[in-house]
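**Q** A single structure is presented below for examination.
The values are calculated or read from the model by the stated rules, or taken from the named source; none is laboratory data. None of these values were measured; they are calculated from a predicted model. Ideal geometry is used to build each Cβ from the backbone, glycine not excepted, and the neighbour counts take in all protein chains shown.
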């Protein structure tokens with residue numbers, strides 16, 4: 001038990017310093033996220049939010065994340081830390097502005113500011129991925145990032161639970177309590193990025209020839225397009241991610257409405273089923289998954305994560321379908337789906353946002369470019385799924401219908417990943433992250 005909870009990472013020097021501040025950042029950011037993710041329920045219950053407004057956060061974030069394709073190229077030859085710290089300050093500012101929208105009872109701007117804050121948080125991720133790749137050794141990178149994510153999952157679950165309990169117990173004062181929680185969340189989010197700012201990145205040599213404030217728009221987009229054209233392995237990876245992410249987000253776009261309106265759960269029940277149960281499951285499994293990722297073919301890892309997500313969507317849809325016929329099976333089906341998603345959630349997160357691209361991007365400046373393409377793809381599919389979800393909500397399509405469709409698409413992307421793993425095995429390509437990066441290590445000649 002002790003070894004599972006506190007694995008011996010054996011870190012020294014700058015790697016240990018990076019780990020400490022990375023962990024502090026992740027824990028504080030997770031607590032902030034636990035508070036903020038009760039926002040949709042506050043909007044629905046306290047200030048007259050509509051179902052069609054629920055995907056606003058995803059749509060707004062999707063628009064902003066399209067800019068990451070440019071930012072990833074712009075930061076490639078520059079210091080990465082400003083691309084983390086400055087957006088972090090802006091994200092905290094959006095959380096504070098949400099308090100004003102809440103006090104005014106404006107559900108639209110309340111949700112819109114929630115989306116704007118997520119824009120700034122999400123565009124930091126290419127820079128964070130590049131910094132962590134520079135500072136963590138490849139042989140143990142997944143294990144280290146998984147350890148951080150494991151404890152962040154627990155912090156998120158505790159924060160979410162306490163926030164939901166506070167709203168549930170507030171009775172007629174839920175709006176005031178939500179405002180206080182938002183202020184606390186903003187302060188914690190700011191503290192998180194201050195902690196990450198203390199990391200000392202092992203920057204590659206920065207090209208002095210490029211002026212610091214030259215926009216280089218054409219060049220950055222051209223570099224991104226050239227990567228996609230020349231790297232067939234990465235194109236196949238992007239295709240799988242596009243299918244998975246669109247259908248995953250489409251299926252979950254109205255989940256808050258399904259739990260709150262269709263099934264009648266309150267603040268606490270919705271918060272636990274949407275986020276609490278999955279994050280507790282993630283705490284139990286993410287460390288194990290990280291150690292597995294270091295040894296396993298990433299295509300296999302992706303397939304397992306996707307198949308679990310697809311089954312979760314189908315189980316949620318089945319629970320909604322059976323609610324009027326067999327009420328006793330509803331909660332077990334919901335719990336089974338949420339546990340499946342949570343078991344894969346932490347692993348999926350570090351694959352998508354922190355280590356997955358290191359199986360495709362050569363070490364060096366291309367790391368931020370590859371990560372930015374992933375962020376762009378996430379934003380594109382997030383925007384598309386949000387627009388489709390809002391349209392279908394206006395047409396009164398049931399949330400459970402979206403879950404059936406979304407689950408089928410995600411399951412297909414998992415089968416696609418298994419096919420790619422088999423194809424890679426036949427071609428004798430690099431099997432693990434370490435084997436891929438070993439290709440770029442200088443070899444000594446006798």
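**Q** Looking at region 248-265, is at least one residue modelled with pLDDT of 90 or more, part of a helix (DSSP H, G or I), under 20 Å from residue 314 (Cβ atoms) and out of contact with any strand residue (DSSP E or B) (no Cβ under 8 Å at 6 or more places or on another chain)?
**A** yes
**Q** Any residue at all in region 237-247 that's in contact with a helix residue (DSSP H, G or I) (Cβ under 8 Å, 6 or more places away or on another chain) and at pLDDT below 85?
**A** No, region 237-247 contains no residue that is in contact with a helix residue (DSSP H, G or I) (Cβ under 8 Å, 6 or more places away or on another chain) and at pLDDT below 85.
**Q** State all residues of region 156-165 that are in contact with a helix residue (DSSP H, G or I) (Cβ under 6 Å, 6 or more places away or on another chain) and surrounded by fewer than 23 Cβ atoms within 10 Å (Cβ to Cβ); if no residue qualifies, say none.
**A** Selection gives 161 alone.
**Q** I need a count of the residues in region 394-435 that are more than 25 Å from residue 309 (Cβ to Cβ) and either touching a residue at least 12 places away in the same chain (Cβ under 8 Å) or in contact with a helix residue (DSSP H, G or I) (Cβ under 8 Å, 6 or more places away or on another chain) (or both).
**A** 4
**Q** What single numbered condition from (1) surrounded by fewer than 24 Cβ atoms within 10 Å (Cβ to Cβ); (2) modelled with pLDDT under 85 fails to hold for residue 311?
**A** (2)
**Q** More than 20 Å from residue 30 (Cα to Cα) and buried (at least 24 other Cβ atoms within 10 Å of the Cβ): which single residue out of 130, 104 fits that description?
**A** 130
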